[in-house]
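Novice: Okay, handing you the structure first.
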Amino acid sequence: MKMHGGRDFVRHMPGSTQTFKKGESFWRIVHIDPWLLLGLLVLTGVGLSILYSASGTSQFMIKRQVIFFSIAYIGMFSIAQCPVNFLERSGKWLYLFGIVLLVLVLLIGVGAKGAQRWLSLGFIRFQPAEILKLAMPLCVAAYLGSRALPPKLKHIGGCLALVALPALLIFKQPDLGTAILVTASGLIALFLAGLSWRYIVGSLLLVVVASWPMWTFVMHDYQKQRVLTLLNPEADRLGSGWNIIQSKTAIGSGGLEGKGWMQGTQSQLDFLPESHTDFIIAVLAEEFGLKGVLLLLSLYGVIIARGLIIAWRAQNHFGRLLAGSVTLTFFVYVFVNVGMVSGILPVVGVPLPLVSLGGTSLVTLMAGFGLLMAVATEPKKTQT
Amino acid sequence: MPALGKKHQHSTIANEGHQRRIIQWRLLVAFLGVVILLSILVARFYLLQIKQHQNFVTLSDRNRIQMQPVAPTRGLIYDRNGILLADNRPSYRLSVIPERVKNLDALFVELNKIIDVSASDIDRFKKLKNRSRAPYQPTPLKLDLSPEEIAKISVNEYRLPGVEVEAELVRYYPYGELLAHTIGYVGRINERELKAFDEETKKDYSATFSIGKIGLEKHYERSLLGAVGSRFLETNAHGRALRELEREAPEPGQDLHLHLDLHLQKAAFKALTGWRGAVVAIDVKTGGVLAMASSPSFDPNLFVTGISYTDYNALNSSKDLPLYNRTLQAQYPPGSTLKPILGLGGLETGLISPQTRINDPGYYQLAEGERLYRDWKKWGHGKSVDLHQAITESCDTFFYELAVRLGIDNMHPIGAHFGLGKHTGIDVPNERSGLWPSRQWKKRHRRQPWYPGDSLNVSIGQGDVLTTPLQLAVMTATFASQGQRFEPHLVKQLGDQKIEKKGVDIVSASAANWAYVNKAMESVVHSRRGTGKGINKGLSYRVAGKTGTAQVVGIAQDTDYDRDKISQRNWDHALFIAFAPADAPEIALAVVIENGEHGSSAAAPVARSVFDSWFEIEAARKAKMNPSQKVSANRSLKNNVMASEVDL
């Protein structure tokens, strides 16, 4: 009955739908979500001004960041144009492509500081792990979206396998930060698909129990050191504790109002390490105080809220899972970065999205928002 | 609406809607999670930025603000007329901030391509680096850069992080060797000196690299040093100072104003040219040292920024011992210069009188058939020699007789009152005490009784007797002032504080006896038979003096002193003590010329030069003071007139 009625509705009122939503249709035609775009543009602007200060007014860095932003925005708009079902179909191919490259990284990759993360194409180097940041939500959303929800046990298993393979490959490089983000994007999709709470609680217990062998056999010394440093940063003031002590000092000394733009002594006098990459929020906190932090977090909140609304309004499971996964992974980015810089999470090397200086990560992040926009502006379905 | 998790109908559409609601429900849960986690972050920032704000402000300030000690300016040294004797001149040194250099050895290699950095420079740098110091404090590597070196470093500075050219003030002695022994010099603080520092002293020297090594520079080190200051610098994480936030100025060291007169010192030093010897001139009324010269000397400026090994070796191994301060480190037998005070002592005890006369056959015998104590004049000074003649002609035989009458127990206190055998207490370190023997001394040190013959040797200033030129000058000044013995001192004024030494001893003797011996000394220079008559030509003032000759090697009983048979270094030392004007003494001095043979021919002319210079200076000063008084009076009068005109 309902199905029939639905069809009738669509058939009977095609014109009126279009005229009724005339204002909105422009955005649908160009495949842009105006609220999300506005949020992103403001965040980009704020990010650039913080970076300008954090980089010591480096024209070079700003130019570089602007160029990457341009590429990223173009990438976002391009991806936003893709039909959702094309995205759904291409997910697994992108995933496979990413896996192949990840294996190549382990075989012939290049890197620094004991990590092997890049593939060199001669003129350019890039991190294949970035591809998985897109491929993972696409692939898992497609896998779960085409099946009945909540997922059955074997689909949960399949899904976990999809997550585990690239996560392990990335973890092996090692790149803990990206591994966490990629894992998160897959698991979030699984969670949104209605994974039973029993499994969730059960696996959380399992993680606690399994952490001991992880610690003993799997983790690298530098990763263990990071965790230990988090637990007691004062122990090694000049060594591994330095970063976190300096960032807390920067944040704390900023107070409510901050020291003023480009007046932060911690960041301007180079006491704050990685001030233009992972620790950039400490610069904001020092120079603009708690007010600045609240503003930035609100901006993220707006973007995330908009992403969740897009997910809520999506027209099919794939769209919902994809949009939800991308949005919440973006939040994980924010939370892990801000948490680590303020000293409540281990330092795992996750940049502050859209603010930290970054090349490829910027492009993949914006590509993620391209996916969101594609979902948001999917034409109203005429069901077959 | 069915609640989540309920089993449902199998209609696809219903199923579709149900599944949509599963996802939407989870989206709501996730949104709630986002809100909670964001709240945690906000709470965290609230804790750090509001609750613990002050703690972190302190931490942040401690990060960026560095306290650096600032060296005080060393006090200057002036002569009695305000002529600068020890100055501070700017010097440029190459310093390295070790914290900013990753590989020091690589840096040294790199630097060596630009300028010459010696192994000893690097050695010293490493020692300095390991001393306790403020973090990021520059450590000197190479001192006293030439303008060319400064330019070369400046050009390359951009590729030498952590390398700086620093300006500092270093000591400069414009008169070089003229005052080397007296003023001394400063040099770099060495390990041994550093070890002796207590914590407080270490702080005082935290920005100072030099310390007084000898002379006045050493004695007045703490006064000259001043008090260390500090400045608070904002530095970045790499230790580069960006700006000064606050400064506590160092307190400059106190200046020294000396009794010493540069012109007189020049005259004394010039008169010693070519000799090894010493001159000490003392202001009779105050005990202030007017001139103090030791020859040969050296350039103290060599030591200031570190003397090179070859330079030091040359100085240290020279047979003429230029580093040796002969005025107070060298001990010579005083020879006949002791005769006036012993004569005075004889008169005071009453064991001899102006009427006492002896026969001098050219020798003295304690008893028939015993050893002959010879007079310097082979055939003697005549059959009737009194004290006046004995001093004038330096008759040894008379003093042998006197020694027998006095005995050592009477002789010893006489010399002791005039300061023999004791440190004079001058404000220059490393003074030696000389030796003024006594019965007790011989018993203790030689484990032998005192023999009468020992007294005979002492009476002519030989035997065990040793004196420094400074002691002889003090003795002479004491005599000139008729008994006022002062602690000799160079510094008249320390900072704003005048230094006046009280007399340490008063030798009391009857006015008649002082006058008698004084006359005898005058005739040494002014009488036809005086041993010092060689210097009396054209004298416009009266000099009282006494020559002396000190044997360097013992002469066997029956042989004569034959200069051609002994090497020059064993020739007798020549001595002369004198004061002038004889009737109202102003200046007293002692001259020792090593291997100068005769006090009359070698030492007395030196004294004459110094006296001449003294009276020229005095005359010039008097001449200058009178007209200048008039001029200043005129000027003040003029000023008054002008002032009153303005008032009108």
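So that you can scan it fast, the table gives a plain yes or no per residue for (1) within 13 Å of the chain's Cα centre (by Cα); (2) of a type in the set (S, T, N, Q); (3) surrounded by fewer than 24 Cβ atoms within 10 Å (Cβ to Cβ):
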{"position": "A:M340", "(1), (2), (3)": "no, no, no"}
{"position": "A:I344", "(1), (2), (3)": "no, no, yes"}
{"position": "A:V350", "(1), (2), (3)": "yes, no, no"}
{"position": "A:L354", "(1), (2), (3)": "yes, no, no"}
{"position": "A:G359", "(1), (2), (3)": "no, no, yes"}
{"position": "A:G370", "(1), (2), (3)": "yes, no, no"}
{"position": "A:M373", "(1), (2), (3)": "no, no, no"}
{"position": "A:E378", "(1), (2), (3)": "no, no, yes"}
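Novice: Among the residues of region A:293-309, what is the count of those that are open to solvent by 10 Å² or more (accessible area, probe 1.4 Å) and more than 10 Å from chain B (Cβ to nearest Cβ)?
Specialist: Counting residues in region A:293-309 that are open to solvent by 10 Å² or more (accessible area, probe 1.4 Å) and more than 10 Å from chain B (Cβ to nearest Cβ) gives 4.
Novice: Report whether or not B:G253 is on the phi < 0 side of the Ramachandran plot, assigned to a loop (DSSP other than H, G, I, E, B) and at pLDDT 90 or above. Step through it out loud before you land on a result.
Specialist: Details: on the phi < 0 side of the Ramachandran plot: yes; assigned to a loop (DSSP other than H, G, I, E, B): yes; at pLDDT 90 or above: yes.
In short, yes.
Novice: While we're looking at this one, here's another question. Kindly evaluate A:L162 against the criterion of being touching a residue at least 60 places away in the same chain (Cβ under 8 Å) and either within 26 Å of A:A311 (Cα to Cα) or within 14 Å of chain B (Cβ to nearest Cβ) (or both). Give the steps one after another, and end with the answer.
Specialist: Details: touching a residue at least 60 places away in the same chain (Cβ under 8 Å): yes; either within 26 Å of A:A311 (Cα to Cα) or within 14 Å of chain B (Cβ to nearest Cβ) (or both): yes.
In short, yes.
Novice: Return the residues of region B:40-62 that are more than 7 Å from chain A (Cβ to nearest Cβ) and open to solvent by 60 Å² or more (accessible area, probe 1.4 Å); say none if nothing qualifies.
Specialist: So in region B:40-62, the residues more than 7 Å from chain A (Cβ to nearest Cβ) come out as B:40, B:43, B:47, B:51, B:54, B:58, B:61-62.
Within region B:40-62, B:I40, B:L47, B:K51, B:Q54, B:T58, B:R62 meet the criteria.
Novice: I've got another one for you. Working only within region A:246-263, note down all residues that are facing another protein chain (nearest Cβ under 10 Å) and either more than 13 Å from B:T58 (Cα to Cα) or over 28 Å from the mean Cα position of the chain (by Cα) (or both).
Specialist: Taking region A:246-263 as the starting set, the residues that turn out to be facing another protein chain (nearest Cβ under 10 Å) are A:246-259.
Those that are facing another protein chain (nearest Cβ under 10 Å) and either more than 13 Å from B:T58 (Cα to Cα) or over 28 Å from the mean Cα position of the chain (by Cα) (or both): A:S247, A:S253, A:G255, A:L256, A:E257, A:G258, A:K259.
Novice: Select from region A:272-286 the residues that are at the interface with chain B (Cβ under 9 Å from one of its Cβ atoms) and not in a helix (DSSP H, G or I) and write down the one among them that is nearest to A:L362 (Cα to Cα). Give the steps one after another, and end with the answer.
Specialist: Pass one, region A:272-286, residues at the interface with chain B (Cβ under 9 Å from one of its Cβ atoms): A:272-273, A:285-286.
Adding the requirement that they be not in a helix (DSSP H, G or I) leaves A:272-273.
Working: A:L272: 23, A:P273: 21 Å.
Here the answer is A:P273.
Novice: A further question follows. Is it true that B:T235 is under 25 Å from B:T467 (Cα atoms) and among the hydroxyl-bearing types (S, T, Y)? First the steps, then the outcome.
Specialist: Details: under 25 Å from B:T467 (Cα atoms): no; among the hydroxyl-bearing types (S, T, Y): yes.
Taking the combined requirement at face value, the residue does not satisfy it.
Novice: Go through A:Q127, A:Q116 for me and flag whichever is open to solvent by 10 Å² or more (accessible area, probe 1.4 Å) and touching a helix residue (DSSP H, G or I) at 6+ places or on another chain (Cβ under 6 Å).
Specialist: On the way: A:Q116 fails: touching a helix residue (DSSP H, G or I) at 6+ places or on another chain (Cβ under 6 Å).
None of the other options fit; the residue is A:Q127.
Novice: Something else: Can you name every one of the helices (runs of 4 or more DSSP H) wholly within region B:433-508 that holds 1 or more residues which are surrounded by fewer than 16 Cβ atoms within 10 Å (Cβ to Cβ) and in contact with a helix residue (DSSP H, G or I) (Cβ under 9 Å, 6 or more places away or on another chain)? Even if it seems obvious, please write down each step before you answer.
Specialist: Values: elements: B:439-446, B:452-459, B:469-480.
So the answer is B:439-446, B:452-459.
Here is a yes/no grid of residues against (1) outside any helix (DSSP H, G or I); (2) crowded, with 20+ Cβ neighbours inside 10 Å; (3) touching a Phe, Trp or Tyr at 6+ places or on another chain (Cβ under 9 Å); (4) at pLDDT below 85:
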site	(1), (2), (3), (4)
A:G202	no, no, no, no
A:L205	no, no, no, no
A:Q223	no, no, no, yes
A:S240	yes, no, yes, yes
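Novice: Another question about this same structure. Tally the residues that are of a type outside the set (D, E), part of a loop (DSSP other than H, G, I, E, B), more than 14 Å from every other protein chain (Cβ to nearest Cβ) and at negative phi, restricting the search to region B:197-238. Spell out how you get there, then give the answer.
Specialist: So in region B:197-238, the residues of a type outside the set (D, E) come out as B:197, B:201-203, B:205-216, B:218-220, B:222-233, B:235-238.
Restricting the remaining residues to those that are part of a loop (DSSP other than H, G, I, E, B) gives B:197, B:205-209, B:220, B:226, B:228, B:236-238.
Next cut, more than 14 Å from every other protein chain (Cβ to nearest Cβ) only: B:197, B:205-209, B:220, B:226, B:228.
Cutting the leftovers down to at negative phi gives us B:197, B:205-209, B:220, B:228.
Within region B:197-238, residues that are of a type outside the set (D, E), part of a loop (DSSP other than H, G, I, E, B), more than 14 Å from every other protein chain (Cβ to nearest Cβ) and at negative phi number 8.
Novice: Whether any residue in region A:264-271 is at the interface with chain B (Cβ under 10 Å from one of its Cβ atoms), open to solvent by 10 Å² or more (accessible area, probe 1.4 Å) and at positive phi is what I want to check.
Specialist: yes
Novice: Take region B:63-86 and flag every residue that is within 14 Å of B:Q137 (Cβ to Cβ) and more than 14 Å from chain A (Cβ to nearest Cβ).
Specialist: Passing the criteria: B:M67, B:Q68, B:P69, B:V70, B:A71.
Novice: Can we say A:G91 is farther than 29 Å from A:Q173 by Cα and open to solvent by less than 50 Å² (accessible area, probe 1.4 Å)? Steps first, answer last, please.
Specialist: Values: farther than 29 Å from A:Q173 by Cα: no; open to solvent by less than 50 Å² (accessible area, probe 1.4 Å): yes.
Taking the combined requirement at face value, the residue does not satisfy it.
Novice: Kindly check whether there is at least one residue in region A:364-384 that is part of a helix (DSSP H, G or I), away from every other protein chain (no Cβ under 14 Å), over 19 Å from A:S55 (Cα atoms) and hydroxyl-bearing (S, T, Y).
Specialist: Looking for residues that are part of a helix (DSSP H, G or I), away from every other protein chain (no Cβ under 14 Å), over 19 Å from A:S55 (Cα atoms) and hydroxyl-bearing (S, T, Y), one finds at least one in region A:364-384, hence yes.
Novice: Yes or no: A:F335 more than 15 Å from A:L176 (Cβ to Cβ) and open to solvent by 20 Å² or more (accessible area, probe 1.4 Å)?
Specialist: Here the answer is yes, as A:F335 does meet what is asked.
Novice: Could you list, in sequence order, the residues of region A:319-339 that are more than 9 Å from chain B (Cβ to nearest Cβ) and not aliphatic (A, V, I, L, M)?
Specialist: If the condition is that a residue be more than 9 Å from chain B (Cβ to nearest Cβ) and not aliphatic (A, V, I, L, M), then A:G319, A:S325, A:T329, A:F330, A:Y333, A:N337 are the ones that fit.
Novice: So A:A311 clears everything in (1) in contact with a helix residue (DSSP H, G or I) (Cβ under 7 Å, 6 or more places away or on another chain); (2) small (G, A, S); (3) under 28 Å from A:S58 (Cα atoms) except one condition, right? Which one?
Specialist: Failing condition for A:A311: (3).
Novice: While we're here: If I go through region B:58-96 residue by residue, how many of them are among the β-branched types (V, I, T), under 33 Å from the mean Cα position of the chain (by Cα) and over 15 Å from B:T208 (Cα atoms)? Full working, then the answer.
Specialist: Pass one, region B:58-96, residues among the β-branched types (V, I, T): B:58, B:65, B:70, B:73, B:77, B:83, B:96.
From the residues that got through so far, the ones that are under 33 Å from the mean Cα position of the chain (by Cα) too are B:70, B:73, B:77, B:83, B:96.
Within this subset, residues satisfying the condition of being over 15 Å from B:T208 (Cα atoms) are B:77, B:83, B:96.
So the answer is 3.
Novice: Here's another thing I want to ask about it. From A:L96, A:L87, A:L121, A:L102, which residue is more than 29 Å from A:P379 (Cβ to Cβ) and under 22 Å from the mean Cα position of the chain (by Cα)?
Specialist: On the way: A:L96 fails: more than 29 Å from A:P379 (Cβ to Cβ); A:L87 fails: more than 29 Å from A:P379 (Cβ to Cβ); A:L121 fails: under 22 Å from the mean Cα position of the chain (by Cα).
Being more than 29 Å from A:P379 (Cβ to Cβ) and under 22 Å from the mean Cα position of the chain (by Cα) holds for just one of A:L96, A:L87, A:L121, A:L102, which is A:L102.
Novice: From the list B:A241, B:A249, pick out the single residue that is surrounded by 15 or more Cβ atoms within 10 Å (Cβ to Cβ) and touching a strand residue (DSSP E or B) at 6+ places or on another chain (Cβ under 6 Å). Steps first, please.
Specialist: Details: B:A249 fails: surrounded by 15 or more Cβ atoms within 10 Å (Cβ to Cβ).
On inspection, the qualifying residue turns out to be B:A241.
Novice: State yes or no: is B:R621 at pLDDT 65 or above and either under 32 Å from the mean Cα position of the chain (by Cα) or open to solvent by 20 Å² or more (accessible area, probe 1.4 Å) (or both)? Outline the logic, then answer.
Specialist: On the way: at pLDDT 65 or above: yes; either under 32 Å from the mean Cα position of the chain (by Cα) or open to solvent by 20 Å² or more (accessible area, probe 1.4 Å) (or both): yes.
Criteria met by B:R621.
Novice: Would a scan of region B:578-597 turn up a residue that is modelled with pLDDT under 95 and of a type in the set (F, W, Y)?
Specialist: The answer is no, given that none of the residues of region B:578-597 is modelled with pLDDT under 95 and of a type in the set (F, W, Y).
Novice: Also: In region B:24-33, is there at least one residue being out of contact with any strand residue (DSSP E or B) (no Cβ under 9 Å at 6 or more places or on another chain), touching a residue at least 12 places away in the same chain (Cβ under 8 Å) and more than 7 Å from every other protein chain (Cβ to nearest Cβ)?
Specialist: Of the residues in region B:24-33, the ones out of contact with any strand residue (DSSP E or B) (no Cβ under 9 Å at 6 or more places or on another chain) are B:24-33.
This time we only want the ones that are touching a residue at least 12 places away in the same chain (Cβ under 8 Å), so: B:25.
So of that shortlist, the ones also more than 7 Å from every other protein chain (Cβ to nearest Cβ) come out as B:25.
Yes - at least one qualifying residue is present in region B:24-33.
Novice: Looking only at region B:604-612, decide whether some residue is modelled with pLDDT of 85 or more, within 25 Å of B:A582 (Cα to Cα) and open to solvent by 90 Å² or more (accessible area, probe 1.4 Å).
Specialist: no
Novice: Looking at region B:263-380, what strands (runs of 3 or more DSSP E) fall wholly within it and have at least 2 residues that are without any contact (Cβ under 8 Å) to a residue 40 or more places away in the chain and closer than 17 Å to B:I460 by Cα?
Specialist: B:363-365
This table checks each residue for (1) β-branched (V, I, T); (2) touching a residue at least 60 places away in the same chain (Cβ under 8 Å).
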{"residue": "A:S70", "(1), (2)": "no, no"}
{"residue": "A:L94", "(1), (2)": "no, no"}
{"residue": "A:L101", "(1), (2)": "no, no"}
{"residue": "A:V110", "(1), (2)": "yes, no"}
{"residue": "A:S120", "(1), (2)": "no, no"}
{"residue": "A:E130", "(1), (2)": "no, yes"}
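The values are calculated or read from the model by the stated rules, or taken from the named source; none is laboratory data. On a predicted model such as this, the values are computed, not experimentally measured, just so you know. Cβ sites come from the backbone with ideal geometry, for glycine too, and all protein chains shown count toward neighbours. We work out accessible area using only protein heavy atoms, side chains counted, and drop any ligands, DNA or RNA first. Shrake-Rupley method; radii C 1.70, N 1.55, O 1.52, S 1.80 Å.
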